[in-house]
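Heads up, the thing below is written out as structure tokens.
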Amino acid sequence: MAKRIRAYCRVSTDLQYDGGVSLDVQETRISALCVAQGHTLVKIYKDVGSGKNMERPQLKILLEEIQPGETICILDLSRLSRSAKDTLNMVDDLDKRGIGIISVTENIDTTSPQGRFMMTMVSALNQMERESTALKVKQTMAVLSDQGKLRGKPPFGWRFAGKDKDFEPVPQQQLVLDKIKKLYTEGVKMNGIATILNNDGDNRCLCENKKHPEKFRNSVFHQTTVKRILVEHNLIEGTNSNHKSIEEKIASHHKPIVDANSDIK
């Protein structure tokens with residue numbers, strides 16, 4: 001049965017690379033499903049943000065605009081949320097409004113009892129995977145810190161000079177950084193800055209300080225990207241009380257090597 005579809009796409013990073021599933025990939029696969037099954041694709045909503053909670057601008061707009069009888073289509077349930085509780089609460093609320101959810105990858109349709117059961121199982125697995133991954137990352141970072149091998153990723157405008165060396169400037173990113181600072185001091189809003197940079201082609205430099213630049217060639221600036229850069233360069237305050245200054249980030253994060261022959265006092 002043909003449906004009226006509103007597609008929802010999400011990546012967790014502002015560089016649009018999330019385990020190989022970019023916003024463009026999600027849109028392409030959802031569009032292909034609609035064509036194959038004769039559905040009408042009404043609108044596509046795209047967010048850049050974590051799936052840990054539901055505080056995402058485009059998701060809120062989607063939930064406000066969708067009408068009874070329409071269906072939300074996502075590539076997989078993790079795009080919607082990585083919290084089983086949030087996912088199931090949303091499914092329940094939408095069901096009461098006569099709105100279903102289709103997941104392309106898991107082949108789930110919540111308009112059927114079987115589909116709702118499968119969504120419950122997959123949502124729980126997604127949450128377990130997220131929590132397990134977070135624990136492994138925390139443990140790995142603790143080990144690397146103890147070994148003196150932990151280095152933070154280079155801030156925008158800088159890249160690694162080499163193993164055990166400080167950061168060095170990236171010329172093109174430094175020019176764009178100056179442009180961002182100028183636009184911000186002139187009163188341009190962060191989403192406006194992102195639009196200007198993308199329209200001017202400055203987004204091409206986003207991959208220049210990455211270890212695997214080929215993964216980020218289609219990256220674009222978002223409001224969150226601009227905000228992160230402004231925080232990194234101390235133009236605005238961030239929410240992290242442990243935020244380091246740009247000078248601290250540029251310096252090597254490796255612990256000094258102690259001479260075994262030196263006197264220990």
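A few comments on the model shown:
- Cα centroid of the stretch 160-231 to Cα centroid of the stretch 36-51, whole Å: 27
- In this view, the solvent-accessible surface of residue 186, computed with a 1.4 Å probe and all protein chains in place, comes to about 110 Å².
- Modelled FRET efficiency - R0 30 Å, residue 139 with residue 204, Cβ distances, 0.05 increments: 0.25
- Largest-first ordering by accessible area, 1.4 Å probe, given options 231, 35: 35, 231
- Net charge of neighbours whose Cβ lies under 9 Å from the Cβ of residue 103, counting Lys and Arg as +1 and Asp and Glu as -1: -2
- Sites residue 85 and residue 211 - FRET efficiency at Förster radius 35 Å, r taken between beta-carbons, to 0.05: 0.50
The values are calculated or read from the model by the stated rules, or taken from the named source; none is laboratory data. Since we're looking at a predicted model, the values are computed, not measured. A quick note on method: Cβ atoms are made from the backbone with ideal geometry, for glycine too, and the neighbour counts reach across all protein chains shown. For accessibility, only protein heavy atoms count, side chains too; no ligands or nucleic acids. Shrake-Rupley method; radii C 1.70, N 1.55, O 1.52, S 1.80 Å.
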